1. From the list 315, 349, 359, which one is in contact (Cβ under 8 Å) with a residue 12 or more places away in the chain and within 24 Å of residue 105 (Cβ to Cβ)?
2. Quick one: in region 251-274, which of the residues that are in contact with a strand residue (DSSP E or B) (Cβ under 9 Å, 6 or more places away or on another chain) and part of a helix (DSSP H, G or I) is farthest from residue 109 (Cα to Cα)?
3. Among the listed residues 290, 294, identify the single one that is at pLDDT 95 or above and farther than 25 Å from residue 227 by Cα.
4. Within region 328-346, take every residue that is under 23 Å from residue 429 (Cβ atoms) and touching a residue at least 40 places away in the same chain (Cβ under 8 Å) and give me the one that is surrounded by the fewest Cβ atoms within 10 Å (Cβ to Cβ).
5. Quick one: residue 207 ticks every box in (1) in a helix (DSSP H, G or I); (2) crowded, with 18+ Cβ neighbours inside 10 Å; (3) at pLDDT 95 or above; (4) out of contact with any strand residue (DSSP E or B) (no Cβ under 7 Å at 6 or more places or on another chain) except a single one, so which number is it?
6. Can you say whether residue 212 is surrounded by fewer than 24 Cβ atoms within 10 Å (Cβ to Cβ) and touching a residue at least 60 places away in the same chain (Cβ under 8 Å), as far as the supplied structure shows?
7. I need every pair where a residue in region 429-446 that is on the phi > 0 side of the Ramachandran plot and modelled with pLDDT under 95 has its Cβ under 9 Å from the Cβ of a residue that is crowded, with 24+ Cβ neighbours inside 10 Å and outside any strand (DSSP E or B), sequence separation at least 6 or different chains.
8. Please go through (1) surrounded by 24 or more Cβ atoms within 10 Å (Cβ to Cβ); (2) touching a strand residue (DSSP E or B) at 6+ places or on another chain (Cβ under 8 Å) for residue 453 and return the number of the only condition it doesn't satisfy.
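The values are calculated or read from the model by the stated rules, or taken from the named source; none is laboratory data. None of these values were measured; they are calculated from a predicted model. Note: ideal-geometry Cβ built from the backbone for every residue, glycine included; neighbour counts use all protein chains shown.
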């Protein structure tokens, strides 16, 4: 039988066979102390002589005086092992499968879920005396040994139990030599298998052996175990396989490559092999001759099902970015291993059932609304991230991009330098984490959405929402900038920002200033509160400073001169901002974003990783006051004061038709346009940016990003009860 060891890492040439690579797990003890080949051959010779003179003695066991001490010294206890299993990833509804991840496509099933046809077929194919032997075939072993020693055609005499032993030794191997010892064609290996097999037969029932065998055996075409074989060859569960299908699969185990029906050379051999198995099923009484004739008329598949693996194989592109976020999250969790390699192996080998936080409704809504605004062939990326307040659950990640590795049809980068060198951009296809950040993606400037952090820092410091500032056309500050900078007051080195338009000048409180996004209100407010305190508030609310320059400025002692921070000059992502704003709806409780609701291992045990990880970063009253002012930009009414006119995205409230809060953001020269919009149930962050060239000279339009955001929130909230935001002191 051809064995396909699952692990890669060591290359072991074996005779004239192709080199096979293996990867090994660590375990605590060796399989056995080697006996010499000479001693093993002597034992076999003793068995042969005993069988010739005293057949009954040979059949009763291997107690041949010449070699029985050597045989007794061989190991008999198989080491515990776990064969690689498929990990399945589901949406939050616990039924929509997002992806499967595996090293070997295998999923163990109990014998009760495997068709009796399969059980009968594998016995007919591999060991017709299975239910009557003790795990070894003495006569067959002697016959094969004599024949092979005399130069005849190679014969084998492995029982089904011995074959299971061989596969088990391979999977439990911890070094290359153990794999060689488990698979090499030598008398020593055969005798060792016999010893193990006899012990296995003492410890396990025939049904248990058959179940383990069928779950570990290779069936070719990347199918390991009967579940995978049933799925790949016939697209059905093992319990539903008929006689003909069972006979084909059982026949393949002996040599999956030779009996592969999808190849021109393998097909005729598969046909003949199936006939052999069906004949055996008649011989063993499993089926009648009439059933055999009926089975022979069934067609044999020439093509097999392709089973995707990992996030790049996700059927729906709108799920790909979430799947990738989950994958990156898993690789960052030390609970799954000391290194990213260990964590990845655990994911693809572990057989987990993972229920994620991805909401199918929210994700489909986001993708639909994005598609209505912009195509995936546009260099500008419209990116949406949705978060659940109070838990950090990431509900959706979507963009006008296809999550694919193939960049053959991608356009040249919009970055002039990269374009000049022929570097391709990330549209229409990319696997970059453009929505959530990480890797080479630092993020994009989000403009005035960052004013929230100044407002929260001020409220934490006891400055009330009623705080009024005479916001001039230009705010004169004490922040130092380069002399001659366009941001400096004329003839000075002091930072003096202006507004989007001179008409915005006037006297404002926080409601009005936040609703109208008045720069010359918030920069002086930041100066009064202290830039370092504002930056610290942003960090507490989950803003990550991925760009090296931002990270340096954010360090304690460096932020005091970061006067432009409140205007959103730091790079961030839609997920960062959505989750930061969700802190308000969470009553000041920041929750680390998570893609996971539940992880169950192969033993049906829940693993406590990915559960909500929240901490109170400021008081509920501060959160409620800030949220009250944050209703002003998006057309809602404040409960604690007045907004002083319509905000920068006044249509949002009417379209969502629920209490809402949020903020628009626009960078200098409109390089990015952003809208954050939330209810008590969901917060959506939307950015329109050039992901290849964030410092683009093109203008991003709120007419693209805003409708996508508010319509996504409206779709999600449809049919949900209207929940009013709480006021300070309210329980």
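1. Testing whether each residue is in contact (Cβ under 8 Å) with a residue 12 or more places away in the chain and within 24 Å of residue 105 (Cβ to Cβ) leaves just 349.
2. If we take residues in region 251-274 being in contact with a strand residue (DSSP E or B) (Cβ under 9 Å, 6 or more places away or on another chain) and part of a helix (DSSP H, G or I), then 266 is farthest from residue 109 (Cα to Cα).
3. Within the list 290, 294, the selection yields 290.
4. 328
5. Exception for residue 207: condition (2).
6. Working: surrounded by fewer than 24 Cβ atoms within 10 Å (Cβ to Cβ): yes; touching a residue at least 60 places away in the same chain (Cβ under 8 Å): no.
So residue 212 does not fit the description; no.
7. Pairs found: 438/325; 438/573.
8. Residue 453 satisfies every listed condition except (2).
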